[in-house]
Amino acid sequence: MDISILLRQHVGGPCKPIVSEGEEVKRGQLIAVPEGLGANIHSSVSGKVKKIVEDRILIQPDGEQSPDYIKIDEHDNLLESIKAAGITGAGGAGFPTHIKLDADLKDGCVIANCVECETALHHNIRLLEEDPQLVIKGIQYAMEVTKAPRAYIAIKEKNTQAIDALEKHLLDNIGIKKLKDIYPMGEERAIIHAIFDQWLEPTQLPLEADCVVLNTETLANITMAIEDRKPVIDKDITIIGQLNGGKEPHILFQVPIGTPIKELIERCGGIHGEYGEIIIGGPYTGKAEDLDTAVVTKMSGGAIVTIPFPKYEGPVGLLACACAADEARLRDVAGKMGAQVTGVVECKNIVDVRGAKKCKTPGDCPGQAEKVIELKRSGAERIIISNCSDCSNTVMCCAPKMGIPVYHHTDHVFRTLDYTLTRRLPMD
Ligand code: SF4
């Protein structure tokens, strides 16, 4: 099957191809460069460039593939190696790492985001369990680049095996911050709040709190770029859901970028029976994609095959969150259920920042009763929500009393996986 390398795998515009159709390329070869904000893109396979279209480069792989690759040039400056390797945030945001790390943090810190906030994804925690030093070295390189004297690893307290593995290799200037298993504990400002007990404004970046936040796999990529001169050509990914052989996660390390998701699902047993949708990413923030066109990118967290949606053809209201499904995704879910949308509201914690929806205090509920009443007044007999754990808990304290059943947009995913639905928070 052809490899399909997207030209936009990061924040910013698409990269410009620097190869031509018919050209032979080697694994690791630079094939596209950014024209503004962005990051280099390299071929993940050796083969022939079959076609270049607006958004991607299609490569026909050679029959035999070697794990070897063309190394990035040697640089004295670590930041230049990170830039040359085309590293971007691997947790889904895709911000170019060389830009994030171009900072002076002599009074600040590096934060490793090892939270793996999306419950169905498992590859980051498995990496920490199996190779904690790959990530710890990435933290040390990030500290060296930014001159940060201190670092924290933010991780859910439930991941005891990963914490044990990390603790065996930790240095004095790297601390572990254990976090609760609630959504969205891995949001950058939620992590900073958990560590420093201080909320950044939605307009503020972590840099304004004198820190940078880097995802687990991004840190591993930094280590590989500096020590092995490896460009970002492979991706760790979780494949999970309604698959032949069961619902346990399949964790695939270092899959060539551009590999069709369909091929990975087949490798993991194939789809079992009828399915609802293929979600690329996690249950909260992922989007449904077409099985025939979805491919692995530098930002792909996972692929989830869900059970079919429940059918409900009545009137529904939608309540959107800034840190999970937006209105478009909620409408997608409502449409797949067959429901008629009577009204759409947003959590009142949402503010508009330069055209993007941001939450004032991610994971800290501002109250939801008036939003539920608004949806009921619009004619909704049920509501579909995408709220965080705390706000879902609040919705569950009022909506049932108003006779409004609640469906969370992650329900069909969590039912697929036999996980606890996002409803009331357990009291402990
Ligand atoms: S407070 Fe509102 S916007 Fe913020 S995470 Fe919770 S539901 Fe989303």
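The values are calculated or read from the model by the stated rules, or taken from the named source; none is laboratory data. Since we're looking at a predicted model, the values are computed, not measured. A quick note on method: Cβ atoms are made from the backbone with ideal geometry, for glycine too, and the neighbour counts reach across all protein chains shown.
Report whether or not E274 is closer than 30 Å to G86 by Cα, more than 16 Å from the ligand (Cβ to nearest atom) and surrounded by fewer than 23 Cβ atoms within 10 Å (Cβ to Cβ).
No: the conditions fail for E274.
Go over the candidates C347, C321 one by one and state the one that is modelled with pLDDT of 95 or more and under 18 Å from the mean Cα position of the chain (by Cα).
That would be C321, the only listed residue that is modelled with pLDDT of 95 or more and under 18 Å from the mean Cα position of the chain (by Cα).
Hey, E327 hits all of (1) crowded, with 18+ Cβ neighbours inside 10 Å; (2) in contact with a strand residue (DSSP E or B) (Cβ under 6 Å, 6 or more places away or on another chain) but one; which does it fall short on?
So the condition that E327 fails would be (1).
Got at least one residue in segment 375-382 being at pLDDT 95 or above, touching a Lys or Arg at 6+ places or on another chain (Cβ under 8 Å) and either more than 23 Å from G338 (Cβ to Cβ) or not assigned by TED's automatic domain parsing to the domain that holds I191 (or both)?
The answer is no, given that none of the residues of segment 375-382 is at pLDDT 95 or above, touching a Lys or Arg at 6+ places or on another chain (Cβ under 8 Å) and either more than 23 Å from G338 (Cβ to Cβ) or not assigned by TED's automatic domain parsing to the domain that holds I191 (or both).
Looking at T97 and the list (1) more than 26 Å from E208 (Cβ to Cβ); (2) touching a residue at least 60 places away in the same chain (Cβ under 8 Å); (3) of a type in the set (S, T, Y), which single condition is not satisfied?
Only one criterion in (1) more than 26 Å from E208 (Cβ to Cβ); (2) touching a residue at least 60 places away in the same chain (Cβ under 8 Å); (3) of a type in the set (S, T, Y) is unmet by T97, namely (1).
In this structure, does Q133 turn out to be surrounded by fewer than 24 Cβ atoms within 10 Å (Cβ to Cβ), farther than 18 Å from F253 by Cα, over 20 Å from the mean Cα position of the chain (by Cα) and not β-branched (V, I, T)?
no
Note down all Cβ pairs under 8 Å where the first residue falls in segment 173-185 and is at negative phi, the second is within 14 Å of the ligand (Cβ to nearest atom) and of a type in the set (F, W, Y), and they're at least six residues apart or on different chains.
Close Cβ pairs satisfying both conditions: Y183/Y284; P184/Y284.
Can you name the residue in segment 337-365 that is of a type in the set (G, A, S) and in contact with a strand residue (DSSP E or B) (Cβ under 6 Å, 6 or more places away or on another chain) and is also farthest from the ligand (Cβ to nearest atom) among such residues?
If we take residues in segment 337-365 being of a type in the set (G, A, S) and in contact with a strand residue (DSSP E or B) (Cβ under 6 Å, 6 or more places away or on another chain), then A339 is farthest from the ligand (Cβ to nearest atom).
So in segment 278-296, with the set limited to residues that are more than 16 Å from E118 (Cβ to Cβ) and not in a strand (DSSP E or B), which one is farthest from the chain's Cα centre (by Cα)?
Ranking the candidates gives D292 first.
Across segment 366-388, what is the total count of residues that are within 13 Å of the ligand (Cβ to nearest atom), surrounded by 15 or more Cβ atoms within 10 Å (Cβ to Cβ) and of a type outside the set (A, V, I, L, M, F, W, C)?
Residues that pass the stated criteria total 5.
Which one is nearest to the ligand (Cβ to nearest atom) among residues in segment 300-321 that are over 15 Å from L417 (Cα atoms) and buried (at least 24 other Cβ atoms within 10 Å of the Cβ)?
The residue in question is C321.
Please verify whether segment 243-256 includes one or more residues that are surrounded by fewer than 17 Cβ atoms within 10 Å (Cβ to Cβ) and among the small types (G, A, S).
The answer is yes, given that some residue of segment 243-256 is surrounded by fewer than 17 Cβ atoms within 10 Å (Cβ to Cβ) and among the small types (G, A, S).
Scan segment 174-191 for residues that are crowded, with 22+ Cβ neighbours inside 10 Å and more than 15 Å from the ligand (Cβ to nearest atom) and report the count.
Residues in segment 174-191 being crowded, with 22+ Cβ neighbours inside 10 Å and more than 15 Å from the ligand (Cβ to nearest atom): 0 in total.
Here's a check for you: in segment 196-222, which residue that is surrounded by 21 or more Cβ atoms within 10 Å (Cβ to Cβ) and among the polar types (S, T, N, Q) is farthest from the chain's Cα centre (by Cα)?
That would be N221.
Within segment 389-400, is even one residue hydroxyl-bearing (S, T, Y), part of a loop (DSSP other than H, G, I, E, B), within 13 Å of the ligand (Cβ to nearest atom) and under 21 Å from the mean Cα position of the chain (by Cα)?
no
V25 - would you say it is of a type in the set (A, V, I, L, M, F, W, C) and surrounded by fewer than 19 Cβ atoms within 10 Å (Cβ to Cβ)?
no
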